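Participant: Got a structure for you, questions after.
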Amino acid sequence: MFNPQARWDRSLPGDSGQDGESVEVVARFLKGRITPLYFVLKQRRCDVWRVNYSWTERKGKSLVYLFSVSDKSDNFCLRLDAEAMAWRLFTC
């Protein structure tokens, strides 16, 4: 049965034309997994309290890693473009 909400029909953070904000991220790369530890947003360090969910997607030839993360008060979406090695921050 056709599901209109299936993977190919949904958009990723940043697909709606918003560029997101470029951020510096400190992450742990261990046993093939990436875990963001903190990011710097407007000269302010935001510690990642919890990674709520993470997944990978293909965007053309590029592999994109997405993370839904929380600090103690807000939720954020971090996006790592593996080809450009650039992190972007979006609101979830």
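Every number in this text was worked out from the coordinates using simple rules, so none of it is lab data. Just so we're clear, the structure is a prediction, and the values are computed from it rather than from any experiment. Cβ: placed from backbone, ideal geometry, glycine included. Neighbour counts: every protein chain shown.
Participant: Could you tell me the relative contact order of segment 19-91? Use alpha-carbon pairs under 8 Å, at least six residues apart, and round to a whole percent.
Facilitator: Values: 143 pairs, mean separation 18.8, N = 73.
Once normalised by length, the contact order is 26 percent.
Participant: Give me the distance in nm between label points sitting 7 Å out from Cα along the Cα-to-Cβ direction at GLU83 and ARG45, one decimal.
Facilitator: Using points 7 Å along Cα→Cβ, the separation is 3.4 nm.
Participant: Does anything in segment 73-92 have its amide N under 18 Å from the 7 Å Cα→Cβ label point of LEU37, and if so which residues?
Facilitator: Residues 87 qualify, since their backbone N sits under 18 Å from the label point.
Participant: A follow-up question, please. Checking the cross-link filter: which lysines have an alpha carbon closer than 25 Å to that of LYS31, excluding same-chain neighbours under 8 positions apart?
Facilitator: LYS59, LYS61
Participant: Follow-up question, since we're still on this one. Check the straight Cα-Cα distances from LYS72 and name the lysines below 19 Å, setting aside those fewer than 8 residues away within the same chain.
Facilitator: Excluding near neighbours in sequence, the set is LYS42.
Participant: Loop only by DSSP, 14 or fewer other Cβ within 10 Å of the Cβ. Give me the trypsin sites (Lys or Arg not before Pro) in segment 18-92 that pass, ordered by residue number. The partial results should precede the final answer.
Facilitator: Values: sites: ARG28, LYS31, ARG33, LYS42, ARG44, ARG45, ARG50, ARG58, LYS59, LYS61, LYS72, ARG79, ARG88; in loops: LYS31, LYS42, LYS61, LYS72.
Those satisfying the criteria are LYS31, LYS42, LYS61, LYS72.
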